[in-house]
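Right, one structure below, let's go through it.
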Amino acid sequence: MKHFEDTICAPATPVGGGAISIIRVSGPDALRLADSIVQFHTGAALSSEGYTLKYGTIPGVDEVLVSIFRAPHSYTGEDSVEISCHASSYIVQKILLLLVAAGGRMAEAGEFTRRAFVNGKMDLSQAEAVADLIASGSELSHKVALSQLKGSYSSELKELRERLVELASLLELELDFSEEEVEFADRAHLQGLLDKATAHVEKLVDSFRTGNAIRNGVPVAIVGAVNAGKSTLLNALVGEDRAIVSDVPGTTRDTIEETVTLGGILFRFIDTAGLRESSDRIEKIGIDRSYASIAKAQTVVAVLDGCAPLPDVQKSFAAIAARLAGGDKKLIVLRNKVDSYDAIAPEEFPKMDRSYNCFELKYPAFGTYELDPEALAGKLSEYLESKDVPVPEGLEVLDVSARTGEGLDMLKERLVASAGLADWNGASLVTNLRHYEALERALDSLRQVSIGLDRKSPTDLIAQDLRDAIAELGSIFGAVTTEDLLKNIFSRFCIGK
Ligand code: GDP
């Protein structure tokens, strides 16, 4: 275990708000510092065992409870104390000043977790999972962060790296004897081992899409013509569930978006600020903006105005469908405003434009064509075909009212199903961009190795590519680290973490 000379301290709870604040102190002098600022009623901290809680007074400041942790049985692996005081920013400030005056040093961002890593309490990917766990806002992201914290993900990576190290040693053996032109390693055997490892890395790289969706939310675009009811729908979905969009360092959000948790899964409605503005602007800009968000979405919710004339509805849907073509985005089609069908008095029907598709639903007798959701899906398909726009697979229309909430439960079910996360079985998922990029580079190198074996390239060249892949995998859990890498990771943590 590395021995740090100094003892660090920092508030571990947000200052301001809440009833209690906790100040964390870690390092060789942690217990002595506690003794020097707190008058304990039952013996000194230095003479206490680990995992004990002591009551004391900081004269003129507060009454506190101090938890004692003895090295190596603490978060950082060092002697540590946690001082619980009343949550006043003045009190917290005062205690920190006393600790610093007694010889402590204010911790830098992430320094506690960094010490935990350096002291071997956790590896790098576990340290990152701590940040994810703290930031997790949905059941699923919590589950993934927790499983990464427990270390199954890093053991999988370690094992994978071990296999590559073995492979490398077979190659290096050959390299050592290369002057004698002996081929020790059976190339077919090597290729077999390599293929297995490559497939494994590929699987991890592919899992990032799911992992990222779990960690940062499944990106959903709500699109449709101006006045179709997109904003109303979004408000209905977000409703009281309105998630607090946290400014979590290290997440890839670049805009503030509406998020909502459905069925334990976080959904992120993208570019919704733009959508909202669009109702004030000319139609074209509104539509273009909302279509731009399709590119970033995994699921697209097409909102059709159930009170607009059918040809308009067909046209706006065709514009959406054309932008979906060729991608693997999930589509959910809504006919909105079905509540308005009830609002029309029967005697008004003859005066209404019959091409409005709402009448036939509730009052088939007045319709010249029947437009239940299935029939509408048929009409939409016909139109797409006539315009040479590919018909989305399994096209189906859901009737909803964003205003009354009718049909929204079904929509939520479809959203949850579209995320494709229900069958996640706890297998390793890559949720971290840094890991994903390292795995991609590892995959690249492994492919070079394969090409090298294929072409019977010189063994030392092949070995170099293999070493690159090994280094990339190792960088994920911290087999090899550089000061820059550690700084980069831990500076994203908050002070006190
Ligand atoms: P956006 O331009 O697509 O965002 O549309 P808005 O959400 O601003 O809605 C346009 C208009 O349609 C507003 O007057 C809404 O009150 C109305 N509207 C939206 N959803 C419904 C609905 O389900 N039923 C009815 N009757 N009106 C709705």
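Each value in this text was obtained by applying a stated rule to the coordinates, not by laboratory testing. It should be emphasised that the depicted structure is a prediction, and the values quoted were computed from it without experimental measurement. Glycine also receives a Cβ, built like all others from the backbone with ideal geometry; neighbour counts cover every protein chain displayed.
Can you put Asp328, Asp305, Asp372, Asp454 in order, fewest other beta carbons within 10 Å first?
On the way: Asp328 7, Asp305 24, Asp372 14, Asp454 10.
Placing the least packed residue first, the sequence is Asp328, Asp454, Asp372, Asp305.
Determine which residues of the range 432-475 fall in the zone a paramagnetic label at Ala188 would reach in this model, i.e. backbone nitrogen under 18 Å from the point 7 Å along Cα→Cβ.
453-456
Scan around Tyr75 for amide H atoms under 5 Å from its own, H built in the peptide plane at 1.01 Å from N, and keep only partners 5 or more places away or cross-chain.
none
What length, rounded to one decimal in nm, is gained on full extension from Ile495 through to Ser147, with 0.36 nm per residue of separation minus their alpha-carbon distance?
Once the chain is fully extended between Ile495 and Ser147, it gains 122.8 nm.
Label point 7 Å out from Ala44 along Cα-to-Cβ: which residues of the range 76-113 have amide N under 15 Å?
In the range 76-113, the label zone of Ala44 (backbone N under 15 Å from the point 7 Å along Cα→Cβ) covers no residue.
Can you give me the long-range amide H partners of Leu398? Hydrogens built in the peptide plane at 1.01 Å from N, cutoff under 5 Å, separation of 5 or more residues or another chain.
Correct list: Val333, Leu334, Arg335.
Determine the gain in length on full extension of the stretch Lys412-Val100; use 0.36 nm per residue of separation and subtract their C-alpha separation, reporting nm with one decimal.
Roughly 107.1 nm would be gained on extension.
On full extension of the chain, what length is gained from Lys315 through Asp206, given 0.36 nm per residue of separation minus the C-alpha to C-alpha distance? Please list the in-between numbers first.
Values: separation 109, 0.36 × 109 = 39.24 nm, distance 3.58 nm.
Answer, rounded to one decimal: 35.7 nm.
Hey, rough spin-label estimate for His86 and Val15, points 7 angstrom out along Cα→Cβ, what's it come to in nanometres?
It is 1.8 nm.
Lys497's amide H: which non-local residues (gap 5+, or another chain) put their own amide H closer than 5 Å, with H modeled 1.01 Å from N in plane and none for Pro or chain starts?
Gly110, Glu111, Phe112
What order do you get for Val300, Val391 when you list them from fewest to most C-beta neighbours inside 10 Å?
So the ranking, lowest neighbour count to highest, is Val391, Val300.
Averaging the inverse of every distinct alpha carbon separation and then flipping it gives the Kirkwood radius. What is it for the range 8-123, in angstrom units? Walk me through the numbers before you get to the answer.
Details: mean 1/r = 0.0716 Å⁻¹.
By the Kirkwood definition, the hydrodynamic radius is 14.0 Å.
Kindly put Arg455, Arg414 in sequence by how many other C-beta atoms sit within 10 Å of each C-beta, fewest to most.
With the fewest neighbours first, Arg455, Arg414 line up as Arg455, Arg414.
Between the range 19-45 and the range 457-497, what is the separation of their alpha carbon centroids in Å?
So the two Cα centres are separated by 37 Å.
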